[in-house]
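In what follows, a single structure is set out as structure tokens and then discussed.
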């Protein structure tokens with residue numbers, strides 16, 4: 001028994017000893033470790049902005065024991081842990097305080113820390129980058145720094161399409177009153193706001209400008225560093241001496257008087273005199289007005305009414321003289337005196353056929369007509385004392401600049417001036433900024449309807465609808481085409497041929513060739529266009545038109561491009577039926593090319609292309625300004641066949657019948 005007992009004691013001791021060893025076992029250390037050799041994080045945002053992370057972005061880190069991470073902070077703000085296991089952890093970039101991280105383009109450098117399971121021991125410390133993108137309306141600058149009522153203030157910044165109103169000294173301009181360019185889609189980088197009517201404080205009024213945007217915040221547009229000043233005309237006191245008569249000129253002095261754009265005596269408009277050629281431009285310290293002789297006689301003849309000045313848009317009224325006396329007795333029409341003549345449309349600086357011109361001078365109100373180069377033309381609108389307008393007659397002959405043509409004025413019941421003026425006239429037509437679209441071809445049936453046909457004589461492009469509904473080319477539209485029997489050959493009568501005005505089209509083949517087309521060149525070209533969804537007939541067009549890219553006359557090309565062309569005749573024969581777009585200029589045309597055009601007269605059209613100028617009925621040039629229907633890199637039409645070719649057109653009168 002004693003031996004058994006001893007064994008039992010030993011066993012018990014062994015058990016106790018074993019149990020004591022178990023309590024002393026050390027658990028292995030499981031500290032989280034991010035594997036910095038494996039790109040560290042995904043996304044691994046950097047300071048360049050090439051890779052970005054935003055508020056809400058889920059960031060993944062890989063490593064060891066990451067299930068033991070107890071806390072993640074970004075910029076000292078706790079980040080939510082989305083997923084984690086022993087080898088990876090995913091956390092979300094938290095909201096960052098706006099006062100410390102305002103919206104900007106560049107990413108912010110922030111601290112990224114991971115903590116052990118105790119939430120206090122840092123096990124990973126890393127420089128990370130977070131982007132707070134610009135989504136609010138942000139103001140950067142405005143121009144100009146001064147202006148008057150109606151002037152347009154351009155405000156630049158970011159997301160300004162969110163601006164709902166702009167306020168000038170408490171006067172609100174709503175977003176629906178902003179100036180908009182309907183042809184361009186706004187990217188929110190700028191808005192154009194007209195200056196409203198503001199209570200003026202003399203000639204210069206400081207203005208506080210703010211903007212309200214959709215987020216409810218107010219942006220300060222002006223500041224101590226950037227101010228805006230409202231300019232207002234201010235007149236010196238004027239005392240009338242005696243009674244004015246019709247035709248009198250009166251000069252007023254003051255400040256900002258160059259802003260005045262109108263004068264009235266009662267219900268009658270007065271004329272603001274402009275400086276004569278060679279005189280100094282107005283400096284705003286004075287303005288001269290003329291009382292028109294066209295004011296009807298009143299009873300009694302001497303009348304008193306307020307003399308007011310207008311400025312800005314909408315017009316603001318200032319009273320210059322509260323009671324201005326005027327004798328309305330007719331003074332008789334004096335002979336017109338010439339000062340200058342220029343195209344009414346400021347886009348043109350030379351006088352071309354069929355364009356309106358404005359003749360300025362004195363005593364112009366009684367002008368009834370003008371006589372230029374022996375051709376009488378009526379005034380195009382009622383003249384006033386300082387200007388009259390007329391349209392240059394298309395019957396002025398020639399192909400080259402006509403210098404010193406005599407200009408006379410008929411006035412006051414048929415009186416004729418003597419030695420009134422001489423003018424230089426370019427006896428051909430010039431039209432800027434025409435656009436021609438592409439035929440739909442086999443690519444799509446949805447385009448090729450607007451700006452589809454260039455009508456040379458009218459210097460305009462028309463739609464397929466107008467081409468068909470106006471019956472521009474009845475022989476083509478008949479589907480039989482009795483005028484053109486074969487490619488580049490014309491049959492039919494002279495009357496039939498000349499009854500169809502010359503035109504051209506721009507087509508793109510299935511292979512991508514983009515080209516102007518001679519209507520008689522092919523029976524398969526005009527059918528590329530559609531009317532009411534159906535292709536036009538597969539027949540030849542009537543007019544015979546040939547082309548040639550001007551590449552061998554640098555002087556002529558340069559003058560056509562810069563608007564100084566003085567002679568419309570080209571000394572080379574046009575022989576191309578379909579000059580194509582290309583990558584370099586040669587037989588192909590590119591942006592900046594000048595293409596000579598010849599409309600063949602009937603006798604030659606029955607035989608073929610022109611041999612010399614005697615075979616040409618009319619001629620001109622197409623100056624290529626812009627190409628959106630073609631790819632300059634490939635010289636081909638754009639794949640979807642959209643776009644246009646923009647060009648200027650010079651065109652002659654009839655040269656040969």
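Looking at the structure I just gave you, is residue 415 in contact (Cβ under 8 Å) with a residue 40 or more places away in the chain, out of contact with any strand residue (DSSP E or B) (no Cβ under 7 Å at 6 or more places or on another chain), more than 30 Å from residue 200 (Cα to Cα) and outside the structural domain of residue 151 (by TED's automatic domain parsing)? Here the answer is yes, as residue 415 does meet what is asked.
Examine segment 498-517 for a residue that is assigned to a helix (DSSP H, G or I) and touching a strand residue (DSSP E or B) at 6+ places or on another chain (Cβ under 6 Å), and state whether such a residue exists.
no
Considering segment 200-220, the residues that are at pLDDT 95 or above and under 25 Å from residue 256 (Cα atoms) include one that is surrounded by the fewest Cβ atoms within 10 Å (Cβ to Cβ), namely 206. Counting the residues of segment 399-436 that are assigned to a loop (DSSP other than H, G, I, E, B), surrounded by fewer than 18 Cβ atoms within 10 Å (Cβ to Cβ) and modelled with pLDDT under 95 gives 5. Listed by position, the strands (runs of 3 or more DSSP E) enclosed by segment 228-342 that each have at least 1 residues that are surrounded by fewer than 19 Cβ atoms within 10 Å (Cβ to Cβ) and in contact with a helix residue (DSSP H, G or I) (Cβ under 8 Å, 6 or more places away or on another chain) are 286-290.
Just one of the listed residues (560, 605) is modelled with pLDDT of 90 or more, in contact with a strand residue (DSSP E or B) (Cβ under 6 Å, 6 or more places away or on another chain) and within 24 Å of residue 483 (Cα to Cα), namely 605.
Taken together, the criteria exclude residue 53 from residues that are farther than 30 Å from residue 186 by Cα and not assigned by TED's automatic domain parsing to the domain that holds residue 221. Listed by first and then second residue, the pairs with beta-carbon distance under 6 Å, at least 6 apart or on different chains, first residue in segment 281-307 and touching a residue at least 24 places away in the same chain (Cβ under 8 Å) and assigned by TED's automatic domain parsing to the domain that holds residue 268, second part of a loop (DSSP other than H, G, I, E, B) and exposed (fewer than 13 other Cβ atoms within 10 Å of the Cβ), are 301/329.
None of 134, 110, 123, 130 is surrounded by 12 or more Cβ atoms within 10 Å (Cβ to Cβ), touching a residue at least 12 places away in the same chain (Cβ under 8 Å) and within 37 Å of the chain's Cα centre (by Cα) except 134. Selection within segment 129-154: residues that are at pLDDT below 95 and in a strand (DSSP E or B). The member of this set that is nearest to residue 214 (Cα to Cα) is 138.
Right, residue 173: free of Cβ contacts under 8 Å to residues at least 24 places away in the same chain and under 26 Å from residue 256 (Cα atoms) or not? Here the answer is yes, as residue 173 does meet what is asked. The single residue among 581, 547 that is closer than 15 Å to residue 454 by Cβ, under 35 Å from the mean Cα position of the chain (by Cα) and buried (at least 19 other Cβ atoms within 10 Å of the Cβ) turns out to be 547. I want to confirm something. Restricting to segment 524-537 and keeping residues that are without any contact (Cβ under 8 Å) to a residue 40 or more places away in the chain and in a loop (DSSP other than H, G, I, E, B), which single residue is surrounded by the most Cβ atoms within 10 Å (Cβ to Cβ)? Restricting to residues being without any contact (Cβ under 8 Å) to a residue 40 or more places away in the chain and in a loop (DSSP other than H, G, I, E, B), the top hit is 524.
The values are calculated or read from the model by the stated rules, or taken from the named source; none is laboratory data. Keep in mind that what you see is a predicted model, and the values were worked out from it rather than measured. Cβ sites come from the backbone with ideal geometry, for glycine too, and all protein chains shown count toward neighbours.
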